[in-house]
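Trainee: Please read through the structure below; I'll follow up with questions.
The values are calculated or read from the model by the stated rules, or taken from the named source; none is laboratory data. None of these values were measured; they are calculated from a predicted model. Using ideal geometry, Cβ is built from the backbone for each residue, glycine included, and neighbour counts are taken over all protein chains shown. SASA here: full protein model, heavy atoms, side chains in, ligands and nucleic acids out. Shrake-Rupley method; radii C 1.70, N 1.55, O 1.52, S 1.80 Å.
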Amino acid sequence: MMNFLRWTTLLMVICGVIGGLGYYKYVEISNSIAEAANYPEHSESTEATISSYVLHTPQTSVIGEVVAPEWVTLRSQKAGKLARLGFQPGEDVSKGQLLVQLDVSEETARLKGAKADAELARISLERAEKLGKSGSISQSRIDTLQANLDTALSNVGIIESTIDQKTIRAPFAGKSNAGSLVVGQYVNIDETLAEIVSDKPTLWIDFRLPQTHYDLPVGTEVSVALRGKPPVSGVLISRDGSISSENRTRLHRARIKTSDLAAPHGAFVEVKVPASEQQQLIKLPVSALRSDAYGQFVYSIEQAEQEEAYRAKRHDVDDVTFLADQVLIGTGLEADLQIATNGSFKLYPGILTQVVDALPAEEKPTDSWN
């Protein structure tokens with residue numbers, strides 16, 4: 001009996017202590033809540049803009065090659081000694097100018113004899129034809145003399161053709177490439193003698209696009225840039241009718257003005273072409289875009305329950321394109337929303353937000369797009 005009373009008393013003491021401590025904690029928390037109610041809700045300030053639609057054509061970059069409309073590599077059709085050099089490699093040449101003359105002394109001597117044979121054959125034929133009118137010579141004899149003349153003239157033509165093949169002239173005016181030709185050197189068949197690039201007012205830009213690329217119509221405007229120089233505009237003038245079986249690409253050709261891009265034949269350039277048709281996208285300052293482990297997003301500023309107060313709302317966005325100090329958004333956002341810009345890095349969903357015209361400079365981080 002004594003043990004029961006002792007344990008009962010101890011239990012009542014313990015319950016009393018616990019109850020007292022709980023009441024004390026309740027009163028302390030209630031006082032804290034009451035005090036917190038006297039303080040205003042935490043808020044942040046931000047600049048804002050209204051989202052709007054713009055028309056934009058996405059672009060892709062490829063490597064192109066400058067091609068001169070008139071460009072030729074002159075090679076020797078005959079072997080022989082270089083007898084005369086009519087230009088200095090690397091200088092400008094005019095149309096029809098003698099460039100290379102191989103030794104034709106043997107051909108010249110043979111041509112003189114062939115022309116003499118042809119002249120003799122012509123005279124013999126004329127005499128025979130006069131005699132044939134009086135019946136003093138047979139027709140077969142006349143036919144033989146005609147054949148002799150034709151053969152002689154053919155020999156003259158063959159020798160003249162050989163001389164022409166050993167005489168290289170510029171097919172058009174332009175600039176020659178540097179070389180190492182020397183009078184007296186022996187030239188082999190198919191050896192490169194000169195390369196001529198014409199000086200035309202336009203240049204071609206050849207580039208390839210994969211077969212899955214947006215189908216560019218002829219007349220499409222493209223952008224062409226040589227490294228270290230500003231881009232210039234060009235126009236697509238042609239494209240291959242077939243796809244290459246080697247790399248599944250299609251060759252395209254654009255035209256630009258030589259005065260806009262004075263690039264040498266064979267130079268590599270960067271070509272920007274439309275990647276798809278024109279699209280309607282949301283345009284915002286780049287400072288409005290945020291990113292975290294879940295992706296990219298922006299905050300809209302929406303009316304709160306209090307008058308002249310706003311709360312931040314997160315919008316996850318996709319298909320983002322950076323364009324200088326602007327950002328174009330394809331999906332996840334609508335027009336006519338008030339979007340936080342400078343200062344958006346301080347926001348989180350639901351926070352009370354004040355919209356200001358301009359933040360202090362120290363509140364504008366340089367990496368505002370992160």
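Trainee: Over the Cα atoms of the stretch 134-212, what is the Rg over Rh ratio if Rh follows Kirkwood?
Mentor: Details: Rg = 24.9 Å, Rh = 18.7 Å.
Reported Rg/Rh (Cα atoms, Kirkwood Rh): 1.33.
Trainee: A further question on this structure: Test of understanding: given the chain, find the longest segment containing no GluC sites (Glu not before Pro) that are in a DSSP loop and have at most 15 other Cβ atoms within 10 Å. Display every interim value, and only then the final one.
Mentor: Working: sites that count: Glu41, Glu70, Glu91, Glu191, Glu246, Glu277, Glu305, Glu307, Glu308, Glu334.
Free of exposed loop sites, the longest segment is 92-190.
Trainee: Here is a further query. Could you state the angle between the C-alpha long axis of helix 105-133 and the longest principal axis of the C-alpha atoms of the chain, as a value from 0 to 90 degrees rounded to the nearest 10?
Mentor: With rounding to tens, the tilt is 50 degrees.
Trainee: So who's got an amide H within less than 5 Å of the one on Leu74, skipping anything under 5 residues away but keeping other chains? H placed 1.01 Å off N, in plane.
Mentor: Leu193, Ala194, Glu195, Ile196
Trainee: Per residue, what volume in Å³ does the convex hull of the Cα atoms of the stretch 85-135 enclose?
Mentor: On the way: hull volume 4.2 nm³, N = 51.
In the stretch 85-135, the Cα hull volume divided by residue count equals 82 Å³.
Trainee: Calculate, for the chain, the solvent-accessible area per residue in square angstrom, rolling a 1.4 angstrom probe over the heavy atoms of the protein chains.
Mentor: On the way: 22840 Å² over 370 residues.
Each residue of the chain exposes 62 Å² on average to a 1.4 Å probe.
Trainee: So for the chain, considering every pair of alpha-carbon atoms, how many percent are separated by more than 25 Å? Kindly include the intermediate steps, with their values, before the conclusion.
Mentor: On the way: 52299 of 68265 pairs.
Considering the chain, 77 percent of its Cα-Cα pairs are separated by more than 25 Å.
Trainee: Further question on the same structure: Hey, what do the phi angles of the stretch 218-234 turn into as Karplus ³J(HN,Hα) couplings, whole Hz, using 6.51/-1.76/1.60 and θ = phi - 60°, x for Gly and Pro?
Mentor: 4, x, 5, 7, 10, 10, 10, 9, 8, 3, x, 10, x, x, 10, 8, x
Trainee: Please list 3J(HN,Hα) in residue order for the stretch 81-91, calculated via the Karplus relation 6.51 cos²θ - 1.76 cosθ + 1.60 where θ = phi - 60°; whole Hz, with x for glycine and proline.
Mentor: Karplus values, whole Hz, x for Gly and Pro: 8, 6, 9, 8, 10, x, 7, 9, x, x, 9.
Trainee: For the stretch 81-174, build the convex hull from the C-alpha positions and give me its volume per residue in Å³. Each step should come with its number before you reach the end.
Mentor: Numbers: hull volume 9.2 nm³, N = 94.
Considering the Cα atoms of the stretch 81-174, their hull volume per residue is 98 Å³.
Trainee: Do any of Lys78/Lys115; Lys115/Lys166; Lys200/Lys229; Lys175/Lys272 go past 24 Å between their Cα atoms, and which?
Mentor: On the way: Lys78/Lys115 22 Å; Lys115/Lys166 19 Å; Lys200/Lys229 21 Å; Lys175/Lys272 29 Å.
Among Lys78/Lys115; Lys115/Lys166; Lys200/Lys229; Lys175/Lys272, the Cα-Cα distance tops 24 Å for Lys175/Lys272.
Trainee: Taking the Cα atoms only, what angle lies between the long axis of helix 139-165 and the longest principal axis of the chain, rounded to 10 degrees?
Mentor: The answer is roughly 40 degrees.
Trainee: So which chymotrypsin sites (Phe, Trp or Tyr not before Pro) in the stretch 221-312 pass both tests, a DSSP loop state and at most 11 other Cβ atoms within 10 Å of the Cβ? Let's see the in-between values first.
Mentor: Details: sites: Phe268, Tyr294, Phe297, Tyr299, Tyr310; in loops: Tyr294.
Answer by residue number: Tyr294.
Trainee: Quick one: pull the percent of accessible area on the stretch 206-352 belonging to carbon and sulfur, 1.4 Å probe, ligands and nucleic acids left out. Don't skip to the answer; put the middle values down first.
Mentor: Working: 3730 of 8120 Å².
Carbon plus sulfur share of accessible area: 46 percent.
Trainee: Please compute the alpha carbon radius of gyration of the stretch 248-345, then divide it by the globular-protein estimate 2.2 N^0.38 Å. Two decimals is fine.
Mentor: Numbers: Rg = 20.6 Å, N = 98, 2.2 N^0.38 = 12.6 Å.
Normalised by 2.2 N^0.38 Å, the Cα Rg of the stretch 248-345 equals 1.64.
Trainee: If you don't mind, another one. Roll a 1.4 angstrom probe over the protein heavy atoms and tell me the percent of accessible area of the stretch 88-202 that is carbon or sulfur.
Mentor: Numbers: 3560 of 6960 Å².
About 51 percent, which is the carbon plus sulfur part of the accessible surface.
Trainee: Let me ask something else about it. So how many Å³ per residue does the convex hull of the Cα atoms of the stretch 112-157 work out to?
Mentor: Normalising the Cα hull of the stretch 112-157 by residue number yields 46 Å³.
Trainee: Let me ask something else. Taking the Cα atoms only, what angle lies between the long axis of helix 2-37 and the longest principal axis of the chain, rounded to 10 degrees?
Mentor: The two axes meet at around 60 degrees.
Trainee: Okay, moving on. Which one of Gly22, Ala263, Ser180 is farthest out on the positive end of the charge dipole of the chain, using unit charges on Cβ (Lys, Arg +1; Asp, Glu -1) and the Cα centre as origin?
Mentor: Ser180
Trainee: Ok, one more. Could you list which residues have their amide H under 5 Å from that of Ala173, counting only those 5 or more apart in sequence or on another chain, with H placed in the peptide plane?
Mentor: Answer set, sorted by chain and number: Lys95.
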